[in-house]
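Asker: Got a structure for you, written out below as structure tokens; questions coming shortly.
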Amino acid sequence: MAAAGGKPAVLLLRPVDAPFAAALRDRFRVLDLYAPGQALPALAFVAAAAAVPEPPRATVIWGGVRVDASFLDAAPSLRCVVSTAAGLDHIDLAECARRGVAVANSGEVYSTDVADYAVGLLLDVLRRVSASERYVRRGSWAAQGDYPLGSKLGGKRVGIIGLGNIGSRIAKRLEAFGCIIHYNSRKPKDSVSYKYFPNVHELAAESDVLVVACALNKATRHIVNKDVLEALGKDGVVVNIGRGANIDEAELVIALREGKIAGAGLDVFEHEPKVPAELFSMENVVLSRHVAVLTEESRSDLRAHTIGNLEAFFSELHRAEQWLPCEEGVEVGGAAMSSIVPRMDSGVATALWPDSTTLSMEKSSGGTDHAAGAWLPSPTVSLPFLYLSRGLLAGELRGAEQWLPCEEGVEVCGDKLDRVADGLRRGHTLDVDRLSLKGCMVPDSFGPHRGL
């Protein structure tokens, strides 16, 4: 909370430019790891910040900061982690959920720019733009004649790994070039007509280009491996704007060196900022320094998004956090939860939602807002809940949804639950006539309920 008569404290653990720093300091008391004269190591700085009167309840981080049990132990006052990165692989989501710490990321701030960049990388590799530019600069055009021709983009079969916010935008752009889109994702998307491949190896075998646009987790680490590269074939091209470790980098270098694939466009690397030296001399490889997300516009948008997240958190911090468990596979807005991390002893659960999922919720003031992630009970329900606005939970992590458990077989909106938590008797009701919600029950002693 804010110090008496002062601003709420925010722990800043990433470098920011002058406008970002000024905007933060206008609104918050900023404890800055990168402030002039600050010499403590990161974790020691976090611990020191946590020891001050009115310690920070929120932190702003980037992908280089690992939020795990050690980090949270050092800063027990934290209740909100706002990452300016798109991915969440640097955050232990289960540990945050266990401790009731809300997590937000950059949401869709970068999506358009990354999609544009992915198409640019692919065009560069296929048409040899950067390579021929170097050829001209060296004076080789006059001395050696024309540079070898590239390959057209139109008509290429493009396999996209991860059809989320970014992947779907890449698909739309490449469709405009006349490409044939295939994809691999956790499950088929009803909203698209592209051919779905549940197996990345099969996707590669049916593609001329592989674009890696998925998050990094245990299931997607080295999702592009030796076998996948061989399935892609000697005329295939790989573009990676996801995470470096999505590709087995050592096998990629071998495939490029031995001509097992035709080229690569890489914005991310497995051991950043280290890049395999062999790639530097390969004319069929385009390299950039993890900058697909960065434009002047995205930097400004990120600043506004981050500050909006923080303001949303602090404006409702007076509400006690109350996270209740639910079951994997229950539907919200017609989309099943892809992952649940339960903590049954204290009723904590975190849900990773499909990209398109949003819930219509009614604020206690009676107004209607669209929020992706948190349930605020109606004024007639005297339970403490934390309301997080759409801005705070606008990224891949849609938040720990508030689900009250019920028994199997009870109907909600006409649909029976197949998998539910034990603990409450049949007959509980929830009035959600204005919502598309399946799977949540509240005790009937609460009465009709319209709050989401």
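The values are calculated or read from the model by the stated rules, or taken from the named source; none is laboratory data. From a predicted model like this one, the values you see are computed outputs, not experimental measurements. Here the Cβ positions follow ideal geometry from the backbone for every residue, glycine too, while neighbour counts run over all protein chains shown. SASA here: full protein model, heavy atoms, side chains in, ligands and nucleic acids out. Shrake-Rupley method; radii C 1.70, N 1.55, O 1.52, S 1.80 Å.
Asker: Touching a residue at least 40 places away in the same chain (Cβ under 8 Å) and surrounded by fewer than 19 Cβ atoms within 10 Å (Cβ to Cβ), is that true of residue 55?
Answerer: When the stated conditions are applied, residue 55 passes them.
Asker: Check whether at least one residue in segment 26-39 is outside any loop (DSSP other than H, G, I, E, B), more than 28 Å from residue 243 (Cα to Cα) and either in contact (Cβ under 8 Å) with a residue 60 or more places away in the chain or basic (Lys, Arg) (or both), and report yes or no.
Answerer: yes
Asker: While we're here: What about residue 165, is it surrounded by 15 or more Cβ atoms within 10 Å (Cβ to Cβ) and in contact with a Leu (Cβ under 7 Å, 6 or more places away or on another chain)? Give the derivation first.
Answerer: On the way: surrounded by 15 or more Cβ atoms within 10 Å (Cβ to Cβ): yes; in contact with a Leu (Cβ under 7 Å, 6 or more places away or on another chain): no.
No; evaluated as a whole, the condition is false for this residue.
Asker: Condition first: outside any helix (DSSP H, G or I), open to solvent by less than 20 Å² (accessible area, probe 1.4 Å) and closer than 19 Å to residue 267 by Cβ. Now tell me which residues in segment 221-240 satisfy that.
Answerer: Residues satisfying the conditions are 224, 236, 237, 238, 239, 240.
Asker: What number of residues within segment 52-101 are of a type in the set (Val, Ile, Thr), in contact with a His (Cβ under 7 Å, 6 or more places away or on another chain) and part of a loop (DSSP other than H, G, I, E, B)?
Answerer: 1
Asker: Are there any pairs, at least 6 apart or on different chains, whose C-beta atoms fall under 7 Å, with the first in segment 86-101 and β-branched (Val, Ile, Thr) and the second open to solvent by 40 Å² or more (accessible area, probe 1.4 Å), and if so, which?
Answerer: Every condition considered, the pairs that remain are 101/79.
Asker: Quick one: count up the residues across segment 107-159 that are open to solvent by less than 70 Å² (accessible area, probe 1.4 Å) and of a type in the set (Lys, Arg).
Answerer: 1
Asker: Going through segment 209-220 one residue at a time, which ones are more than 15 Å from residue 266 (Cβ to Cβ) and small (Gly, Ala, Ser)?
Answerer: The answer is 215, 219.
Okay, residues lined up against (1) in contact (Cβ under 8 Å) with a residue 40 or more places away in the chain; (2) within 26 Å of residue 131 (Cβ to Cβ):
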| residue | (1), (2) |
| --- | --- |
| 192 | no, no |
| 230 | no, yes |
| 233 | no, yes |
| 237 | yes, yes |
| 242 | yes, yes |
| 263 | yes, yes |
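Asker: Let me ask something additional. Which residue pairs have Cβ atoms under 6 Å apart, sit 6 or more places apart or on different chains, and have a first residue in segment 138-160 that is in contact (Cβ under 8 Å) with a residue 40 or more places away in the chain and a second that is in a loop (DSSP other than H, G, I, E, B) and not charged (D, E, K, R)?
Answerer: Hits for this filter: 156/179; 157/207; 158/179; 159/207; 160/213.
Asker: List pairs: first in segment 270-281 and touching a residue at least 24 places away in the same chain (Cβ under 8 Å) and in a helix (DSSP H, G or I), second surrounded by 10 or more Cβ atoms within 10 Å (Cβ to Cβ) and not polar (S, T, N, Q), Cβ under 6 Å, 6+ apart or cross-chain?
Answerer: Going by the 6 Å Cβ cut-off, the qualifying pairs are 278/253; 279/285.
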